[in-house]
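Computed from the coordinates by the stated procedures, all read-outs in this text should not be read as laboratory data. Please read these numbers as outputs of a predicted model, since none were measured by experiment. Note: ideal-geometry Cβ built from the backbone for every residue, glycine included; neighbour counts use all protein chains shown.
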Amino acid sequence: MGKGCITVTKYFLFLFNLLFFIFGALIMGFGLWVLLDNQSFIAVLQESSDTVKVASYILIGVGSLSMAMGFFGCIGAIYEIRCLLGLYFTCLLLILIAQVTAGVLIYFQRDRLRYEMSNIIKGMIINYTGENRTTEHTWDYIQKTMKCCGWTGPGNWSENLLIKNSSNNLYPCSCRNDSLPGTDVKGSGLCQAMSADLPVFETGCITSVEKWLQENCGVILGICVGVAVVELLGMILSMCLCKSVVQEDYTKVPKY
């Protein structure tokens, strides 16, 4: 490979490593959002299942590792250090295999994940007390903003322990349809209806939530595909540059 081609390959590899560093930061940021966010549907699942927390830690770890690899890949490319380039290629290959494996497992387990999600939400509705807990506050927020009631419909709330055992005609305040006549009520907890007809939304939240998840999954998928493309290009360029370097010269390592 000519000197000009080596120079072009070196700086292209530097550019792709910079992109890889940025994508790693995005993945880590998404993991932190999943872990810390209290105003979305993720918070409901997070409080009820350790799987979401584990997944968020994995995302943070993968993002941090990707950022570190991008940094060392930049150094290996600029200073043409073969050991760093070889290590960079190996790590990229392992990460790519892990990503493909995880994607295949999620795809074939999607029905099970949906079933578990439904059980988590229905269990939360049954044990809803109106206290200011994270899951209940988040579910109230979802019902108000998405203008829905219950998981498959308002009938899910008939299984709530407080509503079932109460002599009053109770319903969740966050389900209230403001377009229907009635008095103003609080935004969370349980409210008492003035008549047998409950002033609530008739549609369940499953459709809106699935739409929300699909929209966010598209963003996640786009990020993952972008990372995979950068990984493949980085692997190709790192091997080309590694083969073009005749011998290792550790004097090129920057000294501080």
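List of remarks:
- Each residue of segment 91-98 was assigned a 3J(HN,Hα) from its phi angle through the Karplus curve 6.51 cos²θ - 1.76 cosθ + 1.60 (θ = phi - 60°); the sequence is 5, 4, 5, 5, 5, 5, 4, 5 Hz, with glycine and proline shown as x.
- The orientation-averaged projection of the convex hull spanning the C-alpha atoms of segment 120-206 amounts to 5.1 square nanometres.
- Residue order for ILE206, ILE97, ILE78, fewest other beta carbons within 10 angstrom first, comes to ILE97, ILE78, ILE206.
- Scalar couplings 3J(HN,Hα) for segment 73-80, obtained by applying the Karplus form with A = 6.51, B = -1.76, C = 1.60 to θ = phi - 60°, are x, 4, 5, x, 6, 5, 9, 6 Hz; x denotes Gly and Pro.
- Whole-Hz ³J(HN,Hα) from phi, Karplus 6.51 cos²θ - 1.76 cosθ + 1.60, for segment 191-201, glycine and proline x: 10, 9, 7, 7, 9, 6, 7, 6, x, 10, 5
- Close amide H pairs (under 5 Å, H built 1.01 Å from N) link LEU190 with CYS173, residues at least 5 positions away or on another chain.
- Nonlocal amide H pairs with TYR128, under 5 Å, H built at 1.01 Å: LEU161
- Near the amide H of VAL200, within less than 5 Å, lie the amide hydrogens of ASN177, all on another chain or at least 5 residues away, with H placed in the peptide plane.
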